[in-house]
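Beneath this line is the structure, given in structure tokens, with notes to follow.
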Amino acid sequence: MKIERDLYMAKGEGEASYVVNSMLQRKALLETQSVLEKAVREVYMDLLQPAMIVVDLGCSSGQNTLTFVSKVIKVIGRDIGGESKRNPVELQFFLNDLPGNDFNHVFGSLERFKKMTAAEHKENTLVPPFYIAGLPGSYYTRLFPRQSCHLFHSSYCLHWRSQVPAGLEGGREYLNEGNIYIAKTTPAVVAELYRQQFQKDMLLFLKLRYEELVVGGQMVLTFLGRKYEDIYNKGYLNHPCGLLARSLQSLVEEGLVKKEKLDSFNLPIYTPSVNEVVAVVAQTGSFNVSHIKLFESNWDPHDDSKGDEVQNSVQSGINIAKCLRAVFESLLASHFGESLLNKLFEKCAYYVAEHLQWGEGKYLLICVSLKRT
């Protein structure tokens, strides 16, 4: 598996596309908007240059990408025309993702976005001049010149690792047999490999962003996490990944997928605990934690209920399977082939619905705001 080549969200605007099935990610943006607004305002008030460089890491495509841009513009517009009476500033946005991202969809939406932005702002709210550019590349590499950026934002991305942990791909034996992530039957050595990969990646990410940020620059990062230190104790992402693995096991039993194919597939993700995140940040000594919190989100993005009871487990199963497909389709197609995808996610919807009869599933997300020292 080559992440930069094989990983991208489902393209287009069809029923299975990420554009149509990214409401979970939109909800995370809404949940964390107060944290983002605070960081934007602080960076703006400390700004010494005539231009503010803002970067969305792992921007993907669809409405969510430009929702972030819109929120930054509104905050700056309010401050320019409001009580602060700051001098006008120009905004340069960079939208970053891996080369396989559907950047064309983003670019195709820009003209309409600019017209909507102008129309939405009232007379007492100025629209600062803004410019938007795409930037393909991994955020586990240097993307910008030293001390050139003021604000980094990333939502629903940093649980992705730079690679599948070394030792889990190829070889004479498969260490995580029958699983595609950390599950109850995953050996402790595999869980440790995942944890080490997270530490390595996060340290690298923070080091790179430290070099690119101006002194006092900030980051607002939201990604999937977990509540408990014990990775085997309700890791939360483990459940949908476990149900996806069960669906693949069913295809193996039917002779549609070779067992070796399943055993050799592991997802390049890791959902850390809050303590793991804080420990890595402290290890760098380069950032102060301004804010960190853990919040819940229902597996089914169309379910806004606060309790654990699911009204329609069958429909929720379908909704959740569509969301999983929009995110994991490219990796699964690369490894197992596209011809199995429809059947795979039909089974996934069934197993998710079966699971939900015992109660609603919840994702756990971590939102952390960091300030460069």
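The values are calculated or read from the model by the stated rules, or taken from the named source; none is laboratory data. Predicted, not measured: the structure shown is a model, and the values here were computed from it. Glycine gets a Cβ as well: all are built from the backbone with ideal geometry, and neighbour counts include every protein chain shown. Ligands, DNA and RNA are stripped out before the accessible areas are found, and what is left, the full protein with its side chains, is counted by its heavy atoms. Shrake-Rupley method; radii C 1.70, N 1.55, O 1.52, S 1.80 Å.
For region 24-49, a residue qualifies if it is among the hydroxyl-bearing types (Ser, Thr, Tyr) and assigned to a helix (DSSP H, G or I), and the qualifying residues are 34, 44.
State which residue is least open to solvent (accessible area, probe 1.4 Å) when the search covers only region 211-233 and only residues that are in contact with a helix residue (DSSP H, G or I) (Cβ under 8 Å, 6 or more places away or on another chain) and part of a loop (DSSP other than H, G, I, E, B). The selected residue is 231. Looking only at residues in region 68-107 that are in a loop (DSSP other than H, G, I, E, B) and more than 20 Å from residue 139 (Cβ to Cβ), the one that is modelled with the highest pLDDT is 89.
Restricting region 356-373 to residues that are open to solvent by less than 30 Å² (accessible area, probe 1.4 Å) and modelled with pLDDT under 95, which is nearest to residue 215 (Cα to Cα)? The residue in question is 364.
Taking the criterion of being basic (Lys, Arg) and buried (at least 17 other Cβ atoms within 10 Å of the Cβ), the residues of region 297-355 that qualify are 322, 325, 347. Evaluating residue 21 against the criteria (1) in a loop (DSSP other than H, G, I, E, B); (2) without any contact (Cβ under 8 Å) to a residue 60 or more places away in the chain; (3) surrounded by 21 or more Cβ atoms within 10 Å (Cβ to Cβ) leaves one unmet condition, (2). Only residues that are surrounded by 11 or more Cβ atoms within 10 Å (Cβ to Cβ) and outside any helix (DSSP H, G or I) were counted across region 108-128, and they come to 5.
Note on region 152-182: residues that are hydrophobic (A, V, I, L, M, F, W, C), closer than 15 Å to residue 58 by Cα and surrounded by fewer than 24 Cβ atoms within 10 Å (Cβ to Cβ) amount to 2.
Could you check how many residues of region 5-18 are loosely packed, with under 15 Cβ neighbours inside 10 Å and either at pLDDT 95 or above or part of a helix (DSSP H, G or I) (or both)?
Residues meeting the conditions: 1.
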